[in-house]
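Trainee: First the structure, then my questions, so here it is.
The values are calculated or read from the model by the stated rules, or taken from the named source; none is laboratory data. Treat the numbers as computed from the prediction; the structure is a model and nothing was measured. All Cβ positions, even for glycine, are placed from backbone atoms using ideal geometry, and neighbour counts span all protein chains on display. Accessible surface is based on the protein model in full, side chains and every heavy atom, while ligands, DNA and RNA are left aside. Shrake-Rupley method; radii C 1.70, N 1.55, O 1.52, S 1.80 Å.
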Amino acid sequence: MAELSLDRLNTAQRQAVETLFGPVLILAGAGTGKTHTVTCRIANMVEKGVNPASILAVTFTNKAAHEMRERVGLLVEKRAARKIMVSTFHSLCVRILREDIGRLGYKTNFTIYTGSEQAGLIRRLIVRHGGIKEKITPKDVLSAMSRMKNSGAGLDSIDDNLIASVIATYQREIHAQNSVDFDDLLILADKLLRECPDVREAWQKRFQFITVDEFQDTNSLQMSLLGHLVGPHCNVCVVGDDDQSIYGWRGAQISNILEFERFFPNPRVIKLEENYRCTAPILDAANALIRHNLGRREKTLRAHKGGGEPVRLISMPGDVEEAEFVIDDIESLRSKENRPWEDFAILFRANTQSRVIESALREHKIPYRMVGAQSFFDRKEVKDLISYLATIANPQADEYLLRIVNTPPRGISDVTRDLAIDWSREHGNSVWAALQDEEFLASLSTRTRNCVVAFNELIAKYIDLFDDKESDFAELLEQLIEETGFSNYITQMCKTDAETQKRLVSIGEVKASMRNFWQPGKSLQDYLAQVTLDKEDNDDDVEKKPGVCLITMHAAKGLEFPMVYLVGLEEGILPHKRSLDDGDIKEERRLLYVGITRAQERLMLTYCATRLRYGDRMPCQRSSFLSEIPESMMHYETWEDIMTTPVSEETQAEFFASLRNMLLEE
Ligand code: ATP
Ligand code: MG
């Protein structure tokens, strides 16, 4: 175990690590060691005798939480490290609610609906409210609802009556199904802590020391939650960079960081000004850009590293050439400098940009990991299995039950399904209740009735089995897969052997995740909460997978890579055209700042003259942000220049030498 050594920290960092009591605000630019400092600070608490179970660290994503847990694990004795709670706001809320949601009229076995279940329910409600005719889409409703919930507003804030009534019904139904969505997790936990002083005091007593990383991205609800959690001791440390606030569109309030003093009076404010991540040319470019944002807290950032190559800016004729060029550059640097693929990251603004790059990577047979791609939990077979487990945990959650009621096919047709939905609506009860109801059953044909009863018995049996705290969940899952003939069904559905193989592997992975998770005392709800929260993050643990990293600028927050390529820096992409309309260009500038400051050693920026959009080649303009970085700070070239420059003898010799090395390696 590595010891915590304060010698390796600079003076300001050490100050932060040693200030354990009272409110602390660490306000510092990118790469100045904020996350590193709070991790050491937590280790220092343990060393000074603070009970590890009274330490809470909140991070923004599950991945950041895993990472912080790992880093703390290197500095603190294992047993103590395990007791420290490192969590996202959402997981923390699940924990709070799991104990006391009863006080708000829910049952503790509540189900969490993720985006797809939410959309499924809303789609049905739109049909029921006649919204199809009005051309209302689930997306319209979802975004209006999320905006409403995150801003703490009520239904009267929604202009469109139809959307408002869909939302009202949605709220009623989701509550009746004993389910909550992601935004509800925060809203309900906040409400619980606000309305029940005993619950609030218990949590305040439990966490004596609270730390929040990436504080600039908290929204007003999260801020309010933090306010409830921090007890009279006021031992709260938040870390952030107002220049990296990139979640305004999700209601994040940059003002939280700017007004921290108002929430927690007289904080110790610590500024870190030494950047340990980037070379000077990279940092200069980042500083020059962000200076254009008005109303920010001025700060100086100095590069700790000496030297460094100039930032390259290259114009490309089109997106295909751009992808090829970036990949050639990666291949040549890798062989020249003998670097692992993991040193390279390609960052982009919009998901649609990744397709061309992905196909080029595949063509070159370069291993890569895509962050933000279809997540494991979005695969059909995985969703089906999770839906079985969710139904067993809470059969009232219609969305999950409807997904598996006839999967694999067991004679319960869509017509029967719709009848059950109608019945449930008329009786204000769940679909599960319909399927149990004698009258409803009597209305079905004998054959269908037998099928429904068999389904009921299957679910009831597994409810009992999973309820037994002694049973091994992984074995139960295995038994369930066997009994439902799920693997056979998946095999029959697949068109090729390769597809079958892939899907069976996913089933194996669900079993493995259950095996890893389960230990005596944990419930099925605990497992599902973890799965659901992981899913939302969409993070297939980036660091652990081999290959070049393909990642959106949003998802890259907090990460660092030796070699970074920022592609597609065009007007309309970054700044995104939506932000041009909304006028919130500052957030887009911060996003580019986040992108630039991910680079440790080399940075290349590219933009295209044309880009294929909806099958047409469209002309593009380079991003106006690029003109905000002085020309002297970047080495500008065009693709045409580079392609027509004859290869020098030296480069040629280098090329053959590296080729020889590669052949020898193999
Ligand atoms: P971001 O704003 O992107 O979240 P950050 O401020 O959290 O960045 P870290 O990720 O903690 O920065 O640190 C950036 C890099 O600097 C890491 O590689 C870290 O190990 C290194 N670092 C931090 N402090 C020091 C130090 N005192 N000496 C040497 N390296 C350091
Ligand atoms: Mg950080």
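Trainee: For an R0 of 45 angstrom, estimate the FRET efficiency from the Cβ-Cβ distance between Lys107 and His554 and round to the nearest 0.05.
Mentor: Working: r = 35 Å, r/R0 = 0.78.
In this case the efficiency is close to 0.80.
Trainee: Could you give the length gained on full extension between Glu475 and Lys502, defined as 0.36 nm per residue of separation minus the Cα-Cα distance, in nm?
Mentor: Details: separation 27, 0.36 × 27 = 9.72 nm, distance 2.18 nm.
Taking 0.36 nm per residue and subtracting the Cα distance, the gain is 7.5 nm.
Trainee: Computing the accessible area with a 1.4 Å probe over protein heavy atoms, can you report the carbon and sulfur percentage for segment 284-347?
Mentor: Numbers: 1370 of 2810 Å².
It is 49 percent, rounded to a whole number.
Trainee: Have a look at the DSSP beta bridges in the chain and tell me what percent are antiparallel, nearest 5.
Mentor: Values: 7 of 59 bridges.
Around 10 percent of the beta bridges assigned by DSSP in the chain are antiparallel ones.
Trainee: What net charge do the residues around Glu309 carry, taking every other residue with its C-beta under 11 Å from that of Glu309, with Lys and Arg at +1 and Asp and Glu at -1?
Mentor: +1
Trainee: Does the chain come out rounded, prolate or oblate by the C-alpha gyration tensor, with a ≥ b ≥ c the root eigenvalues, rounded set by a/c under 1.5 and, if not, prolate when a/b is larger than b/c and oblate if not? Before the final figure, lay out each step's value.
Mentor: Values: a/c = 1.72, a/b = 1.36, b/c = 1.27.
Taking the square roots of the gyration eigenvalues as a ≥ b ≥ c, the chain is prolate.
Trainee: Set the Förster distance to 51 Å, then compute FRET efficiency between Asp159 and Glu18 from the Cβ-Cβ distance, nearest 0.05.
Mentor: So, using R0 = 51 Å, E works out to roughly 0.45.
Trainee: Roughly to the nearest percent, how much of the accessible area of segment 415-508 is carbon and sulfur, given a 1.4 Å probe? Can you show the working numbers first?
Mentor: On the way: 2550 of 5450 Å².
Ligands and nucleic acids excluded, carbon and sulfur reach 47 percent.
Trainee: Which of rounded, prolate, oblate describes segment 387-456, given a ≥ b ≥ c as roots of the alpha-carbon gyration tensor eigenvalues and a/c under 1.5 marking rounded, otherwise prolate only if a/b is larger than b/c?
Mentor: Taking the square roots of the gyration eigenvalues as a ≥ b ≥ c, segment 387-456 is oblate.
Trainee: Against the empirical 2.2 N^0.38 Å scaling, what ratio does the C-alpha Rg of segment 92-136 come to? All intermediate terms of the calculation are to be shown ahead of the outcome.
Mentor: Values: Rg = 15.2 Å, N = 45, 2.2 N^0.38 = 9.3 Å.
Segment 92-136 yields a ratio of 1.63.
Trainee: How long is the gain from Cys234 to Asn456 if the chain were fully straight, where each residue apart is worth 0.36 nm and the alpha carbon distance is subtracted? Walk me through the intermediate numbers first.
Mentor: On the way: separation 222, 0.36 × 222 = 79.92 nm, distance 5.16 nm.
Extra length from Cys234 to Asn456 when fully extended: 74.8 nm.
Trainee: Right, another one. Compute the whole-percent fraction of alpha carbon pairs in segment 542-635 spaced more than 22 Å apart.
Mentor: Working: 1471 of 4371 pairs.
Cα-Cα pairs in segment 542-635 separated by more than 22 Å: 34 percent.
Trainee: To two decimal places, what compactness ratio does segment 264-335 give when its Cα radius of gyration is scaled by 2.2 N^0.38 Å? Walk me through the numbers on the way to the answer.
Mentor: On the way: Rg = 17.9 Å, N = 72, 2.2 N^0.38 = 11.2 Å.
Scaled against compact globular proteins, the figure is 1.60.
Trainee: While we're here: Taking the Cα centre of the chain as the origin and placing charges on Cβ (Lys, Arg +1; Asp, Glu -1), which of Phe344, Thr211, Ile490 is farthest toward the positive end of the dipole?
Mentor: Thr211
Trainee: Plugging the Kirkwood radius over Cα pairs into Stokes-Einstein for segment 453-541, at a temperature of 10 °C and a viscosity of 1.306 mPa s, what D comes out in µm²/s?
Mentor: On the way: Rh = 14.6 Å.
So the translational diffusion coefficient is about 109 µm²/s.
Trainee: Mark the label point 7 Å from the Cα of Gln492 along Cα→Cβ and return the residues of segment 386-417 whose backbone N is within less than 11 Å of it.
Mentor: 408-411
Trainee: Tell me, what is the percent relative contact order of the chain, built from C-alpha pairs under 8 Å that lie six or more residues apart?
Mentor: On the way: 1023 pairs, mean separation 126.7, N = 666.
Averaging sequence separation for qualifying contacts and normalising by length gives 19 percent for the chain.
Trainee: Then there is this: Using the alpha carbon gyration tensor of segment 59-163, what are the three equivalent-ellipsoid semi-axes (square root of 5 times each eigenvalue), largest first, in whole Å? Present the calculation step by step, with values, prior to reporting the outcome.
Mentor: Numbers: eigenvalues 293, 52, 33 Å².
Values for segment 59-163, descending: 38, 16, 13 Å.
Trainee: Order 235-247, 43-55 from most to least packed using the mean count of other Cβ atoms within 10 Å.
Mentor: 235-247, 43-55
Trainee: In square angstrom, what is the accessible area per residue of segment 362-458 with a 1.4 angstrom probe? Each step should come with its number before you reach the end.
Mentor: Working: 4360 Å² over 97 residues.
Spelled out: the 1.4 Å probe surface of segment 362-458, per residue, equals 45 Å².
Trainee: Return one quarter of the surface area of the convex hull spanned by the alpha-carbon atoms of segment 416-470, equal to its mean projected area, in nm².
Mentor: Working: hull surface 16.1 nm².
The Cα convex hull of segment 416-470, projected and averaged over all directions, gives 4.0 nm².
Trainee: Within segment 432-508, which GluC sites (Glu not before Pro) sit in a loop by DSSP and count at most 10 neighbouring Cβ atoms inside 10 Å?
Mentor: Values: sites: Glu438, Glu439, Glu457, Glu470, Glu475, Glu478, Glu482, Glu483, Glu499; in loops: Glu470.
Sparse-neighbourhood loop GluC sites (Glu not before Pro): Glu470.
Trainee: Over segment 1-106, with every protein chain in place, what whole percent of the accessible area is carbon and sulfur at 1.4 Å, could you tell me?
Mentor: On the way: 2170 of 4360 Å².
Exposed carbon and sulfur together represent 50 percent of the surface.
Trainee: Follow-up. Students often check this: by mean Cβ neighbours within 10 Å, which of 128-137, 62-71, 507-516 ranks highest, and how do the rest follow? List each step's numbers first, then the result.
Mentor: Details: 128-137: 13.6, 62-71: 20.1, 507-516: 15.7.
Averaged packing, sorted descending, gives the order 62-71, 507-516, 128-137.
Trainee: Beta carbons within 10 angstrom, averaged per residue: use that to sort the peptides 630-642, 162-174, highest first. Don't skip to the end; give the middle numbers.
Mentor: Working: 630-642: 13.5, 162-174: 18.5.
My ranking of the peptides, most packed first, is 162-174, 630-642.
Trainee: What FRET efficiency do you get for Arg613 and Arg410 if R0 is 51 Å and r is their Cβ-Cβ distance, rounded to the nearest 0.05? Walk me through the intermediate numbers first.
Mentor: On the way: r = 45 Å, r/R0 = 0.89.
E between Arg613 and Arg410, to the nearest 0.05, is 0.65.
Trainee: Right, here's the next one. With θ taken as phi - 60° and the coefficients 6.51, -1.76 and 1.60, list the Karplus ³J(HN,Hα) couplings across segment 60-73 in order, rounded to whole Hz; mark glycine and proline as x.
Mentor: 8, 10, 4, 5, 4, 5, 4, 5, 5, 4, 5, 5, 5, x
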